[in-house]
Amino acid sequence: MGMASAYVIVAEYVTSVSKPNWARMVQCCVPSCNNRNDINKTISYYRFPLDENEKRRWLKLIRRKDFTPNYNSRVCGWHFPHGKAAGPTRFAWNEGKAFPHISQPTKRQKKMLLATVEDEGGAEPGPSHLGTAQKTPSSSSVLVLEIENEMLRKENDKLKKELEKQKQTFSFSQISSHPDIVNYYTGLPDAATVLFLETLLSKFDLQYHFDWNVQKMPLIDQLLLTLMKLRLNCGLVDLSVRFNCCRATVTNIFITISSALYDILYVGMMENKIPSRFKNQTSLPHCFQPFPNCRIVLDCTEVAVSNTESLDTQSHLYSHYKGGTTLKALIGVAPNGFITFASDLYGGSTSDKAITADCGVLQQLEAGDMVMADKGFTIRDILPAGVSLNIPTFHVNGQFTMEEINHNRLIASARVHVERSIQRLKTFHILSYIPYQYKKHANKILKVCVSLTNLQTPILREIA
């Protein structure tokens, strides 16, 4: 600022302070605003800025472009709801309207203004418009309305999200408080077991089958969808309607979650880990007391599959026992009723002996172990050295001896619990028929069902 300008300002200041009170009355120069310092003494009055560009902006805002302000020209503080730096933005002609060119206060400014209003305990008076007694809303009330509107917008967004979520007609939260319903849909005893699996999955690096993540559906409901497919073998359309998603998403979720459960439950906890006979003896049920060295009870189970294959493949899959195309697996059960081994699936025409020799179960047996099986398992000649086989006696000479009858009765009373374990496995109805699109995932599906069967309550009360 030059010396001349400084001198003018000082001179004007001296002149202003030397004037009597009556000569220093100030009135707002905004059209339709009658505020004067002798009437509304609580309002501040601002001079026009020295900067020409800023002065022109003020004149444009107050709608007096042709007006030339002098030293005594003032604009009252009512027109500055956001401070002097923002310029005059509130006028009688735009109250209650929103204009995009008006700058809005930041969150910090809102908090500071609210704190100021609370400290002052009052509202800023408005202008007198053409002698009317009506007062326009104060800056504090406008600010409170803005904050309330912001809260309402957030609440509206939250309700929209909840409404979007409600479009999913089925979720775990709807059944979690009913153990019997949880068991019906999932095959698991209660909600705590399902939540335990969700915890395991949440710590697992999920790699989605279709290379795109499912973000819309919570993980617990993705798990529920997978368990329902395993337990009830629901169709793709059924699941897509229940969970409000497309069929591709159902397939993406099912293959991804079932593969993760396979890695966590079977590979991590069961693969190549058949309990020793000494471990079995710590939980040996009464019916197995005559067979203390029993390491495992073997039996085969079959799963129906689609027959859309070549003739050579169909002949390999055809099971004379089931009368259709099936896949067959060897299941091993501990004396306490828990499934401890599951082989890969073989063609339905494969013999029990061939599966036993190829699946790898024999490599886990040790000398002194005993294997119990049905009479169809003629595997004595392929067992490792020192491993014995206990199967029902064959009927040879017309009738059984009393010793043979007692022996068969003991085996039957022991094996009935093993058969119950396999029947539990078959309650996962996807094993009744594996659709064609899931055939290459059949081994994982079977072993996940085996692992889930072991999470159910024990068959024998004495074991529980």
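The values are calculated or read from the model by the stated rules, or taken from the named source; none is laboratory data. This structure is a prediction, so every number in the text was calculated from the model and none was measured. Glycine gets a Cβ as well: all are built from the backbone with ideal geometry, and neighbour counts include every protein chain shown. Heads up: the accessible areas ignore ligands, DNA and RNA and are worked out on the full protein's heavy atoms, side chains in. Shrake-Rupley method; radii C 1.70, N 1.55, O 1.52, S 1.80 Å.
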What residues of the range 424-464 lie in the reach of a label at Asp180, counting those whose backbone N is under 19 Å from a point 7 Å from the Cα along Cα→Cβ?
457
Given a Förster distance of 56 Å, the FRET efficiency implied by the Cβ-Cβ spacing of Val267 and Glu148, rounded to the nearest 0.05, works out to 0.50
Which value in nm describes the separation of the simple spin-label points at His316 and Ala354, placed 7 Å from the Cα toward the beta carbon?
1.0 nm
So Thr282 and Arg461, fully extended at 0.36 nm per residue minus their Cα-Cα distance, gain in nm 62.9 nm
With a cut-off of 8 Å between alpha carbons and a minimum separation of six or more residues, what is the relative contact order of the range 283-404 in percent?
23 percent
Excluding ligands and nucleic acids, what accessible area in Å² is computed for Met228 using a 1.4 Å probe, to the nearest 10?
0 Å²
What are the residues whose amide H is under 5 Å from the amide H of Tyr346, where those residues sit 5 or more places off or on another chain and H is modelled from the backbone?
Lys328, Ala329
Just grab the label-to-label distance for Val237 and Lys84, each label 7 Å out from Cα along the Cβ direction, in nm (one decimal).
7.5 nm
To the nearest 0.05, what FRET efficiency results for Lys161 and Ser306 with a Förster distance of 35 Å applied to their C-beta separation?
0.30
Hey, how many Å between the Cα centroid of the range 357-391 and the Cα centroid of the range 418-464?
23 Å
Separation between the Lys41 and Trp212 pseudo-spin-labels, each 7 Å from Cα along Cα→Cβ, expressed in nm?
7.2 nm
Rounded to a whole %, the carbon-and-sulfur portion of the accessible area of the range 364-428 at a 1.4 Å probe is 55 percent
Once the piece of chain linking Arg420 and Thr68 is laid out straight, how much longer is it, given 0.36 nm per residue of separation minus the C-alpha distance between them?
116.7 nm
In nanometres, the difference between 0.36 nm per residue of separation and the alpha-carbon distance of Ser413 and Phe196 is 74.7 nm
Output wanted: per-residue J couplings in Hz (rounded whole) for the range 295-306, from phi through Karplus 6.51 cos²θ - 1.76 cosθ + 1.60, θ = phi - 60°, x for Gly and Pro.
8, 7, 10, 9, 7, 10, 9, 10, 10, 6, 9, 5
